[in-house]
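The values are calculated or read from the model by the stated rules, or taken from the named source; none is laboratory data. Fair warning: this is a prediction, and the values are worked out from it, not measured in the lab. Glycine gets a Cβ as well: all are built from the backbone with ideal geometry, and neighbour counts include every protein chain shown. Remember, those area values only see protein heavy atoms, side chains included, never the ligands or the DNA or RNA. Shrake-Rupley method; radii C 1.70, N 1.55, O 1.52, S 1.80 Å.
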Amino acid sequence: MSQESSLDQFMQSLHTLDPLVSEQQLQLFLRYRQELIEWNSRFNLTAITDPDEILCKHFLDSASLLAVYDSRQAKVLDIGAGAGFPGLPLKILRPRWRVVLLEATGKKVTFLRHMIEALELREIEAVQGRAEELAHQQAYRASFDLVTARAVAALPILLEYAAPFCRMGGQIILPKKGDVTAELAQGKLAARLLGSILRADRAVTLPELEDGRRLLVWEQVKKCPESFPRSGSAMLKKPPGSV
Ligand code: SAM
């Protein structure tokens with residue numbers, strides 16, 4: 001496919017998610033793609049390096065969250081953001097959101113900070129740390145309207161990371177692909193312990209994205225008990241909800 005037609009298609013799909021997406025936002029995505037490719041040749045940030053694939057598998061896939069969550073203002077946490085997905089594309093599309101990109105690996109945080117500066121974004125920060133530690137700090141606990149994480153861990157563990165950060169009535173949106181029947185059953189058991197409940201399981205049906213993408217939308221209906229999240233090793237040994 002020619003560069004131009006893949007860009008046109010990208011814009012068309014973005015339009016279905018956000019009819020007001022602008023030329024200026026497209027330029028931010030293009031700069032982001034250029035920097036990602038450049039940095040990736042020096043540091044291993046992402047396995048997806050083809051320019052067209054970056055548009056659909058990273059940018060569009062991240063933007064698809066808008067199909068289930070679109071509020072004018074929101075405080076958003078992206079756990080294990082890696083090279084910025086899904087938090088950074090969401091910030092480009094929703095400049096008024098306050099976004100925290102949490103990432104454990106230093107070189108990825110350096111890239112995220114570089115991107116924030118290069119794109120001149122405000123009210124977004126990249127924090128280096130581990131979810132299971134940061135969630136016990138008062139400044140972060142139960143304070144986000146939306147918590148998300150893509151490709152970071154299995155569902156029960158992801159929920160244990162995410163629920164303590166989510167305010168009551170807030171949402172946790174976890175993109176997943178493929179058959180997650182067993183994971184989902186365990187996730188639901190975990191959610192009970194963590195004060196969350198599954199509100200929606202929505203298929204993502206954008207033409208450029210592979211089949212089987214879905215968004216699991218959880219609501220934080222109770223305060224998450226202070227004992228969560230446990231240490232990483234405790235979680236792995238006994239994921240929440242396991243018997
Ligand atoms: N979310 C990005 C994406 O979809 O492209 C990155 C996915 S990558 C497979 C998983 C990322 O999560 C890694 O960059 C890793 O360093 C980070 N990570 C894993 N466990 C974490 C934790 N407990 N706290 C913070 N970051 C974590």
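Return yes when Arg98 is open to solvent by 30 Å² or more (accessible area, probe 1.4 Å), basic (Lys, Arg), under 23 Å from Ala163 (Cβ atoms) and free of Cβ contacts under 8 Å to residues at least 40 places away in the same chain and no when it is not.
Numbers: open to solvent by 30 Å² or more (accessible area, probe 1.4 Å): yes; basic (Lys, Arg): yes; under 23 Å from Ala163 (Cβ atoms): yes; free of Cβ contacts under 8 Å to residues at least 40 places away in the same chain: yes.
Answer is yes for this residue.
Only residues that are more than 18 Å from the chain's Cα centre (by Cα), more than 25 Å from Gln27 (Cα to Cα) and either assigned to a loop (DSSP other than H, G, I, E, B) or away from the ligand (no atom under 16 Å from the Cβ) (or both) were counted across the stretch 113-140, and they come to 4.
Restricting attention to the stretch 116-163, the residues that are β-branched (Val, Ile, Thr) and under 19 Å from Asp201 (Cα atoms) total 4.
(1) over 16 Å from the mean Cα position of the chain (by Cα); (2) among the polar types (S, T, N, Q); (3) within 25 Å of Glu219 (Cβ to Cβ): which one isn't true of Thr110, the others all being true? In the conditions (1) over 16 Å from the mean Cα position of the chain (by Cα); (2) among the polar types (S, T, N, Q); (3) within 25 Å of Glu219 (Cβ to Cβ), Thr110 misses (3) alone.
Quick one: would you say Val217 is open to solvent by less than 30 Å² (accessible area, probe 1.4 Å) and among the β-branched types (Val, Ile, Thr)? Spell out how you get there, then give the answer.
Working: open to solvent by less than 30 Å² (accessible area, probe 1.4 Å): yes; among the β-branched types (Val, Ile, Thr): yes.
Answer is yes for this residue.
Does the stretch 1-47 hold any residues that are within 22 Å of Pro95 (Cβ to Cβ) and acidic (Asp, Glu), and which are they?
Passing the criteria: Asp18, Glu23, Glu35.
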